[in-house]
1. Which strands (runs of 3 or more DSSP E) does region 1-94 wholly contain that include 1 or more residues that are touching a Leu at 6+ places or on another chain (Cβ under 9 Å) and closer than 17 Å to ILE293 by Cα?
2. Please tell me if ALA204 is surrounded by fewer than 22 Cβ atoms within 10 Å (Cβ to Cβ), in contact (Cβ under 8 Å) with a residue 60 or more places away in the chain and farther than 22 Å from TRP21 by Cα.
3. Test of understanding: among VAL84, VAL112, which residue is closer than 21 Å to GLY145 by Cα and either modelled with pLDDT under 95 or more than 13 Å from the ligand (Cβ to nearest atom) (or both)?
4. Of these, ILE165, ILE201, ILE209, which one is within 26 Å of TYR25 (Cβ to Cβ), within 13 Å of the ligand (Cβ to nearest atom) and either assigned by TED's automatic domain parsing to the domain that holds LEU37 or not small (Gly, Ala, Ser) (or both)?
5. Only one residue in ALA57, ALA42, ALA20, ALA30 is among the small types (Gly, Ala, Ser), surrounded by 24 or more Cβ atoms within 10 Å (Cβ to Cβ), within 16 Å of the ligand (Cβ to nearest atom) and closer than 21 Å to HIS200 by Cα, so which one is that?
6. Any chance region 241-258 includes a residue that's buried (at least 21 other Cβ atoms within 10 Å of the Cβ), within 22 Å of the chain's Cα centre (by Cα) and in a loop (DSSP other than H, G, I, E, B)?
7. Quick one: would you say ASP250 is away from the ligand (no atom under 15 Å from the Cβ) and more than 23 Å from PHE297 (Cβ to Cβ)?
8. Check whether at least one residue in region 216-229 is exposed (fewer than 12 other Cβ atoms within 10 Å of the Cβ), out of contact with any His (no Cβ under 9 Å at 6 or more places or on another chain) and of a type in the set (Asp, Glu), and report yes or no.
Amino acid sequence: MEDISKLFGVRYPILQGGMAWIADYRLAAAVSNGGGLGLIAAGNADADFVRTQIEKARERTDKPFGVNVMLMNPHTEEIMRMLVREKVALVTTGAGNPGKYMDALKGAGILVCPVVASVALAVRLARSGADAIIAEGTEAGGHIGELTTMALIPQVADAVDVPVIAAGGIADGRGVAAAYMLGARGVQVGTAFLAAEECHISRAYKEMIFRAKDTDSTVTGRSTGHPVRVLKNKMSKEILALERQGIDPDEFESRMAGTLRMAVVDGDVSGGSVMSGQIAGLVRRERPAGEIIETMFAEAKEIYDGKKKLF
Ligand code: TUI
C-alpha cells in the first residue's frame, strides 16, 4: 500500500487534525512548511470565512495544504462548492458521510480523505472513490466513535484497498510506529499540534493541555448521540449531570453551543469545552510545528530501524 507522503506530495506521512476554531491558516501553513500536510478547519464557519483562510495560507506556504469540513456545519454545501473552485490539494471530512460530495471534489482533482470510526463507512467511502481513509479511534479529541485505534486500524486496513491514516492517541514516534505496525500508512495528529507555537489558542487552553494527565479527559454527549471528548472541568461536570437527569437532546445542543469558542478564543477553560485527545499527557511544552514533526519521525524511524530492539 502506498504511503501517504507520496500521495500527498509531502516529506512526512502526517496530516494535521481538523480542529474547529483551532486549526487556522497559521497552523495549517506551519505544518505544511514543516513537512506535513496542514489543514484549515472549517468548523461551523461559512464559505467566505474559509476562502479567506485559504488565501492567507497561500501567502504563507507554497506547499500543499487541505481543508477539513465538519459535515454537521449548515454551510457545508456552499463550502464544498467553494473548495471545488479554489482547488485546494485535499479535503478531509468529519462527523458524517461525505458520499454526496465525492464526485464534485474528485472532479476538481482534490484528494478526498474522510474520517471514519467504523469499517462499514470506510468500505462505502473507499468504494465511492476516497483517496485514503482516516480511521479515528475513540482516544481522539472532539467528536468520536466507539472503537479504539488499536482495534479499528487493522480492521479498516484489511477491509479497504486505499491507504489508511491512523488517528486518535498518536503524539510521538512510538504512536507513529505502532500505527504502521497496525497497517496504517500515515497518521493524523491533533492534540500534539495544540503545543505548536503556531497554534493560536488561548494561553489557558494550552496550559490545560500541558498540565493534563492520562485520566483527565471525559466524554460528553454519549446520551444524545454526539459523543465529544473534552478535558474534565466545570462544564463537563455540569453537562454529565444533566445527561444523567435525561436532558432533552435539543436542550443539550443549545447548552453546548459556543462552548468550544469560549475555551479556544476567550480562554474560559472552566465554563467552555476543552476538546482534547487522551494522549494530552504526552504533550508537555510549546515547540514549533516543524520540530514536533521532525522529532516524531526521527523517533519512529529509530524504532523501525531496530535500534530499539524488541525481541
Ligand atoms: O469530526 C471529528 N471531530 C470533531 S468535529 C467537532 S465540531 C463539534 N463541536 C461540537 C459538537 C460536535 C462537533 C469536534 N470534533 N472527528 C472525525 C470523526 N468523524 N470522528 C468520528 C466521526 C464519524 C462518526 C460517525 C464519522 C462518520 C460517522 O458516521 C456518520 C454516518 O452518516 O454514517
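The values are calculated or read from the model by the stated rules, or taken from the named source; none is laboratory data. The structure displayed is predicted, hence computed values, not measured ones. We place every Cβ from the backbone using ideal geometry, glycine too, and count neighbours over all the protein chains shown.
1. Values: elements: 14-16, 38-41, 65-70, 90-94.
Here the list reads 14-16, 38-41, 65-70.
2. Details: surrounded by fewer than 22 Cβ atoms within 10 Å (Cβ to Cβ): yes; in contact (Cβ under 8 Å) with a residue 60 or more places away in the chain: yes; farther than 22 Å from TRP21 by Cα: no.
So ALA204 fails the test.
3. Working: VAL84 fails: closer than 21 Å to GLY145 by Cα.
Result of the check over VAL84, VAL112: VAL112.
4. Values: ILE201 fails: within 13 Å of the ligand (Cβ to nearest atom); ILE209 fails: within 13 Å of the ligand (Cβ to nearest atom).
Residue meeting the stated conditions: ILE165.
5. On the way: ALA57 fails: within 16 Å of the ligand (Cβ to nearest atom); ALA20 fails: surrounded by 24 or more Cβ atoms within 10 Å (Cβ to Cβ); ALA30 fails: within 16 Å of the ligand (Cβ to nearest atom).
Being among the small types (Gly, Ala, Ser), surrounded by 24 or more Cβ atoms within 10 Å (Cβ to Cβ), within 16 Å of the ligand (Cβ to nearest atom) and closer than 21 Å to HIS200 by Cα holds for just one of ALA57, ALA42, ALA20, ALA30, which is ALA42.
6. Taking region 241-258 first, the residues buried (at least 21 other Cβ atoms within 10 Å of the Cβ) are none.
No: region 241-258 contains no residue that is buried (at least 21 other Cβ atoms within 10 Å of the Cβ), within 22 Å of the chain's Cα centre (by Cα) and in a loop (DSSP other than H, G, I, E, B).
7. Details: away from the ligand (no atom under 15 Å from the Cβ): no; more than 23 Å from PHE297 (Cβ to Cβ): yes.
Spelling it out, it is not the case that ASP250 is away from the ligand (no atom under 15 Å from the Cβ) and more than 23 Å from PHE297 (Cβ to Cβ).
8. Taking region 216-229 as the starting set, the residues that turn out to be exposed (fewer than 12 other Cβ atoms within 10 Å of the Cβ) are 225.
Now narrow it down to the ones that are out of contact with any His (no Cβ under 9 Å at 6 or more places or on another chain): 225.
Subsequent filtering for residues that are of a type in the set (Asp, Glu) retains none.
No, the conditions are met nowhere in region 216-229.
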